[in-house]
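Structure first, then comments.
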Amino acid sequence: MSQDDGQVHGQANDRPRAAFTNMETSTQADWAIIGSEFVRFAQGLPDRVLKHLALLDGDYGGFPVDRLTHSLQTATLAHKDGRDEEYVVCALLHDIGDTLGSYNHPDIAAAILKPFVSDENHWMVEKHGVFQGYYFFHHIGLNRDMRDAYRTHPWFARTAEFCAKYDGFAFDPNAETKPLSFFEPMVHKVLSRPKRSIYAAAMNR
Ligand SMILES: [Fe+2]
Ligand SMILES: [Fe+2]
């Protein structure tokens, strides 16, 4: 991971800047500057995401393993099971929203991944919280069958499988857990190729 994102990816104070004070008066020349700075900044996304994921280190929240270990173990299980890199990256990042989205953490991961992954992988990450609830909601006074609201959805089985085989099993302090460095190349690869974005047409000009 780069240690100098601010310099490398366009946040340094000596970088070129647009001249407008009101966006309505911005010009094509302004946006040429902003566009080239955006490319630099966007290239730093994988490193920013990895740094944010690392914030989960040491955060147990009462669980048997900390949230980073849980994330790494989920990804390790998916990788060992032969899942492709996009799926493994989804597994690695599925709980990255725990720090900023304490009441809706799956939405954060889903939003970060949305430009880069398939519809089914996006849906799986977005809904994993409800599906994981099958294993514990009844212990905290909730309906463990909350996921049944999606029973007829085409990606119900995919998401139930993610929880049954990977997310739900990734709480073992003694299980194999590959380090974050193992997954970094996959994160860089997957988060460098946006498949969908409202800015895509402008980026490809
Ligand atoms: Fe989760
Ligand atoms: Fe999880």
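Every number in this text was worked out from the coordinates using simple rules, so none of it is lab data. Just so we're clear, the structure is a prediction, and the values are computed from it rather than from any experiment. Here the Cβ positions follow ideal geometry from the backbone for every residue, glycine too, while neighbour counts run over all protein chains shown.
Starting from the coordinates of the alpha-carbon atoms of the chain, obtain the Kirkwood hydrodynamic radius over all distinct pairs and give the value in Å to one decimal. Provide the component values of the computation, followed by the final result.
Details: mean 1/r = 0.0537 Å⁻¹.
Across the chain, the inverse of the average 1/r is 18.6 Å.
Here is the link list: K80/K178; K114/K165; K127/K165. Which ones come out longer than 21 Å on Cα distance?
Beyond 21 Å: K114/K165.
Any idea what the relative contact order of the chain is, in percent, if you count C-alpha pairs under 8 Å spaced at least 6 apart?
22 percent.
Whole angstrom only: what separates the Cα centroid of the range 145-201 from the Cα centroid of the range 38-70?
14 Å
Give, rounded to the nearest 20 debye, the magnitude of the charge dipole that the range 91-197 has about its Cα centre when Lys and Arg contribute +1 at Cβ and Asp and Glu contribute -1 at Cβ.
Roughly 380 debye, rounded to the nearest 20.
In percent, how large is the relative contact order of the range 81-166, given Cα pairs closer than 8 Å and 6 or more residues apart?
Values: 83 pairs, mean separation 19.5, N = 86.
Reported as a whole number, the value is 23 percent.
Taking the alpha-carbon distance from K51 and a cut-off under 15 Å, which aspartates and glutamates remain once sequence neighbours fewer than 8 residues away in the same chain are dropped?
The qualifying aspartates and glutamates are D4, D5, D59, D95, D98, E184.
Per-residue ellipticity at 222 nm for the chain, helices alone: DSSP H runs ≥ 4 residues times -39500 (n - 2.57), over residue total, nearest 500 deg cm²/dmol?
-14500 deg cm²/dmol
Of G61, A78, I33, which is farthest towards the positive pole of the chain's charge dipole, taken about the Cα centre with +1 and -1 on the beta-carbons of Lys, Arg and Asp, Glu respectively?
I33
Within the range 179-205, what residues put their amide N at less than 17 Å from the label point 7 Å along the Cα-to-Cβ vector of W31?
197-205
Assign one of three labels to the range 34-74, namely rounded, prolate or oblate, based on the Cα gyration tensor with a ≥ b ≥ c the square roots of its eigenvalues; rounded applies when a/c is under 1.5, prolate when it is not and a/b is larger than b/c, and oblate otherwise.
prolate
Zone of R144 (label point 7 Å along Cα→Cβ, backbone N under 19 Å): which residues in the range 150-169?
From the range 150-169, the list is 150-151, 157, 159-169.
For the chain, what is the charge dipole size about the Cα centre, in debye to the nearest 20, if Lys and Arg each add +1 at the Cβ and Asp and Glu each add -1 at the Cβ?
Working: 21 positive and 27 negative charges, 94 e Å.
That gives a dipole near 460 debye.
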